[in-house]
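Input: a single structure, listed below in structure tokens.
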Amino acid sequence: MSATLPPAGPGGATVAAPEPADDSRWHVCHTRPRCEKKFSALLTAEHFEHYLPLIASVRRYGGQTKRFTKPLFPGYVFARIGRDRRSRVYQQDLLARVITIADEPKFLRQLADVKLIVASGLELSLHPLIHRGSRVRVVSGPLRGLEGIVDDPANPKGIILAVDVLQQGLHVRMPLADLQVLP
């Protein structure tokens, strides 16, 4: 049984290949910096089914306005690769590594959702998944540089900054957009 994605709309490049062999699976291809479009073009030339979600971007340089598309997930292209052709993908200088997908049906549902959102044309942006207890660093505002723990991302009220010597914490209201998840 072959799981395929719906056709790509504006803002995404999907290439359907001939019916893949039974051993082909979807992978996340982590590219070298700023090589996503080149890698996608190479996959097209090699007839690999793949998807590179693209979004519109506008930049102003002095008096000029430039419009272009950029990858929604910088550094990543999703590709269906068969075991017999895997070496062809790994030979590319544009590729940093390939990540195998453990739960392919779940991944395909999520990828179909991404395609739907990208095709909608609505404004979107990436945000890291932040869980209760995640260690974070404040990246903007007057508390820039402080580190703390997220209280509850489902009902964000801020972060808790620890004062270990007193075994106490200070709860500070903070927008999640001002936080960077720490490894």
Cβ pairs under 7 Å, 6+ apart, first in segment 144-163 and in a strand (DSSP E or B), second acidic (Asp, Glu) and at pLDDT 70 or above: Ile159/Asp151; Ile160/Asp151
Residue match in segment 53-62 (condition: hydroxyl-bearing (Ser, Thr, Tyr), in contact with a strand residue (DSSP E or B) (Cβ under 6 Å, 6 or more places away or on another chain), modelled with pLDDT of 95 or more and within 23 Å of Pro33 (Cα to Cα)): no
Failed item in (1) within 17 Å of the chain's Cα centre (by Cα); (2) part of a strand (DSSP E or B), with Leu111 passing the rest: (2)
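Could you please let me know if Thr100 is exposed (fewer than 12 other Cβ atoms within 10 Å of the Cβ), hydroxyl-bearing (Ser, Thr, Tyr) and in contact (Cβ under 8 Å) with a residue 24 or more places away in the chain? Explain how you work it out, then say what you get.
Details: exposed (fewer than 12 other Cβ atoms within 10 Å of the Cβ): yes; hydroxyl-bearing (Ser, Thr, Tyr): yes; in contact (Cβ under 8 Å) with a residue 24 or more places away in the chain: yes.
Yes, satisfied.
The values are calculated or read from the model by the stated rules, or taken from the named source; none is laboratory data. Remember, it's a predicted structure, so these values are computed and weren't measured experimentally. Every residue, glycine among them, receives a Cβ derived from its backbone with ideal geometry; neighbour counts consider all protein chains shown.
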